[in-house]
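Structure record follows, encoded as structure tokens.
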Amino acid sequence: MPPFLHIESMSKWYGQVIALNDIDFESDVPILGLLGPNGAGKSSLLKLLVGLSRPSRGKVEVFGLQPWQNHDLLAGLGYTPEHHKLYDRLTPIQFVSLLLQLSGYLSETAYDMAARAIEQLALGEKKDAPIHTLSHGMRQRVKLAQAIAHHPSWLVLDEPLTGMDPLGRNMTIEMVRRMAAEGTRVIVSSHVLHELEALTSDILLLNRGRLLAQGSVAEIRELIDEHPHRILIKSENIRSLGRELAGYDYVKRIEFEPGHLVVETDRPDDFYTMIGELAAGDDFIVHSMISLDDNLEAVFRYLVK
């Protein structure tokens with residue numbers, strides 16, 4: 001079986017503007033996170049994957065097939081664009097039913113499928129309210145309802161959590177995880193780092209149309225070992241501990257705060273070994289150590305630099 005996604009030497013430009021520049025990657029994970037700031041090229045890449053545009057150069061394949069004008073492939077797609085494109089005078093049940101009928105379902109079947117999707121996203125009380133009366137977060141859930149109503153084999157979500165209330169966010173995260181566990185392949189984009197951390201550890205990092213890195217958070221973390229790592233250490237005797245740590249050449253900076261200190265080191269493995277030996281002795285009591293850089297925000301900050 002071909003991998004879920006295969007992108008080869010792909011570029012996309014609009015006139016003189018280069019949106020994506022020489023992208024190569026392959027992915028077969030259940031949930032792939034697409035991370036990058038606004039303007040990084042995330043939406044341009046997603047539009048290529050869902051067949052709304054075609055590459056200026058190179059190859060884009062989903063399940064081994066090119067999405068552009070491929071109706072059989074796109075019939076299994078569930079897609080939520082970043083911006084709202086809704087018929088505001090329709091109700092959620094009417095809107096989702098209409099899209100299902102346009103996809104070929106009979107009206108009664110479409111209504112039942114729409115009702116199940118709307119209930120799944122806790123919109124039952126608002127299913128007969130005009131869409132223009134709904135909050136931004138509820139409109140996001142209407143978009144999700146139309147994307148999942150036909151039980152897609154692959155799902156593309158462009159900034160799905162933007163503007164959602166906590167209930168909607170938790171519901172969406174649980175839904176995406178559940179669908180992935182049941183076999184649906186998912187691509188989700190975000191410029192908010194903790195959103196992707198809640199969904200998956202398999203990510204692509206984009207910036208200014210270029211692919212910076214691909215892999216798990218741990219694998220990408222290894223790419224930045226040449227940068228100083230920041231480690232927070234809680235201890236009762238931080239001043240004497242700080243003086244001890246300052247004697248090691250791989251400790252580059254020490255910041256003192258009440259009850260803890262933050263150390264920057266360019267050799268984290270050596271540092272962890274050393275601090276473990278110090279903590280095992282009688283001179284220093286180390287209550288806890290927290291790496292401030294083992295998260296997507298730090299990874300992205302370093303890689304962009």
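The values are calculated or read from the model by the stated rules, or taken from the named source; none is laboratory data. None of the values given here were measured: they were computed from a predicted structure. FYI the Cβ positions are ideal-geometry reconstructions off the backbone, even for glycines, and counts take in every protein chain you see. With ligands, DNA and RNA removed, areas are computed over all heavy atoms of the protein, side chains included. Shrake-Rupley method; radii C 1.70, N 1.55, O 1.52, S 1.80 Å.
Looking at Arg239, Arg210, which one is of a type outside the set (Gly, Ala, Ser) and farther than 25 Å from Leu303 by Cα? Step through it out loud before you land on a result.
On the way: Arg210 fails: farther than 25 Å from Leu303 by Cα.
Criteria check complete, one pass: Arg239.
Mind checking which pairs have a first residue in the stretch 276-305 that is at pLDDT below 80 and open to solvent by less than 70 Å² (accessible area, probe 1.4 Å) and a second that is part of a helix (DSSP H, G or I) and of a type in the set (A, V, I, L, M), Cβ under 7 Å, 6 or more apart or different chains? So the pair list comes out as Leu296/Leu193; Leu296/Leu196; Leu296/Val217; Val299/Val217; Val299/Ile220; Phe300/Leu193. Taking the conditions exactly as written (at pLDDT below 95, touching a Pro at 6+ places or on another chain (Cβ under 6 Å), farther than 23 Å from Leu73 by Cβ and not polar (S, T, N, Q)), does Leu134 satisfy them or not? For Leu134, the condition - at pLDDT below 95, touching a Pro at 6+ places or on another chain (Cβ under 6 Å), farther than 23 Å from Leu73 by Cβ and not polar (S, T, N, Q) - is not met. Just name the residue that is most open to solvent (accessible area, probe 1.4 Å) out of those in the stretch 120-168 that are polar (S, T, N, Q) and either within 21 Å of Glu108 (Cβ to Cβ) or outside any helix (DSSP H, G or I) (or both). It comes out as Gln120. When the stretch 250-275 is filtered for residues that are outside any loop (DSSP other than H, G, I, E, B), at pLDDT below 90 and among the charged types (D, E, K, R), the ones remaining, listed by number, are Glu257, Asp269, Asp270. Of the residues examined, Leu34 is one that is assigned to a strand (DSSP E or B) and of a type in the set (A, V, I, L, M, F, W, C). Look at the stretch 142-155: where a residue is under 10 Å from Thr80 (Cβ atoms) and a partner is part of a helix (DSSP H, G or I), sitting 6+ places away or on another chain with Cβ atoms under 6 Å, you get Val142/Pro92; Ala145/Val96; Ala145/Ala117; Ala145/Ile118; Gln146/Val96; Gln146/Leu99; Ile148/Ala117. Please work out if Leu77 is closer than 25 Å to Gly168 by Cβ and at pLDDT 95 or above. Answer is yes for this residue.
Can you pull out every residue in the stretch 29-42 that is among the polar types (S, T, N, Q) and either in contact with a helix residue (DSSP H, G or I) (Cβ under 6 Å, 6 or more places away or on another chain) or within 24 Å of Ser216 (Cβ to Cβ) (or both)? Write out each step before concluding.
Quick first cut of the stretch 29-42, residues among the polar types (S, T, N, Q) only: 38.
Result: no residue meets the conditions.
Among the numbered conditions (1) free of Cβ contacts under 8 Å to residues at least 24 places away in the same chain; (2) within 23 Å of the chain's Cα centre (by Cα), the only one that Asp28 does not meet is (1).
Elements of the type strands (runs of 3 or more DSSP E) sitting completely within the stretch 171-249 and holding at least 2 residues that are in contact with a helix residue (DSSP H, G or I) (Cβ under 9 Å, 6 or more places away or on another chain), open to solvent by 30 Å² or more (accessible area, probe 1.4 Å) and not charged (D, E, K, R): these cover 210-216. Annotation: of all residues in the stretch 37-78 being at positive phi and in a loop (DSSP other than H, G, I, E, B), the one that is surrounded by the fewest Cβ atoms within 10 Å (Cβ to Cβ) is Gln69.
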